[in-house]
Amino acid sequence: MTELRRKLRFVRRATPVIPEHRPLYKIAQLLLILELASRGGKSSLPRLQLFNWAMKKTERQERLLRAKAEQRLNVAAWGFDPTVVLALRFAIGQSLIQPISTSYQITDLGSEFIKAACKDPDNLVRERGFLKAVGKSITEAMVSDIAQTWVDA
């Protein structure tokens, strides 16, 4: 019996990465959240994750807009995306965001960066529209109240 030897050859090919997982896109989203929808340019990680979760679907955005009108967040839970943490680390490394106690704050450099990116009216149109509509109405207290129900459950 003759054993055939075959060589396996692997060819590295470029793989597309969806925009949602591209670090620069996620950094820009985080900077927008801090710039347009956060008091003092500060936000906790759960609040950043809430906005990230909401920006993925129109229905979720509508929930936050209702929360603004009702001044009460009515979301039982939301997803925590590991790409947000990765983007935060990159943004901190580039001095666009700085960690402060239990939150994150946009730096002057981060503010300049996102303002320059928004000079092009085609950049982040959907995100900007949503975040401007919500404004700074989703507070840390609202997010903390929901998170507390997770602890109590």
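The values are calculated or read from the model by the stated rules, or taken from the named source; none is laboratory data. Everything numeric in this text was worked out from a predicted model, so none of it was measured. Every residue, glycine as well, gets a Cβ built from its backbone with ideal geometry; the counts of neighbours run over all protein chains shown.
A residue that is among the small types (Gly, Ala, Ser) and within 28 Å of ILE100 (Cβ to Cβ) cannot be found anywhere in the stretch 8-26. Within the stretch 76-134, the set of residues being farther than 11 Å from LEU31 by Cβ and among the hydroxyl-bearing types (Ser, Thr, Tyr) comprises THR83, SER95, SER101, THR102, SER103.
Scanning the stretch 34-83 for residues that are touching a strand residue (DSSP E or B) at 6+ places or on another chain (Cβ under 8 Å), of a type in the set (A, V, I, L, M) and surrounded by fewer than 18 Cβ atoms within 10 Å (Cβ to Cβ) yields one hit, LEU45. Which ones in the stretch 79-115 are out of contact with any Ser or Thr (no Cβ under 7 Å at 6 or more places or on another chain), of a type in the set (Ser, Thr, Tyr) and at pLDDT below 95? Correct list: THR83, SER101.
For LEU88, the conditions (1) of a type in the set (A, V, I, L, M); (2) touching a strand residue (DSSP E or B) at 6+ places or on another chain (Cβ under 8 Å); (3) within 17 Å of SER144 (Cα to Cα) are fulfilled apart from (3). Only one of the listed residues (ARG72, ARG13, ARG66) is under 16 Å from THR139 (Cα atoms), out of contact with any helix residue (DSSP H, G or I) (no Cβ under 8 Å at 6 or more places or on another chain) and not aromatic (Phe, Trp, Tyr). That residue is ARG66. Residues in the stretch 1-57 that are of a type in the set (S, T, N, Q) and modelled with pLDDT under 95 were compared, and the one that is nearest to the chain's Cα centre (by Cα) is THR15.
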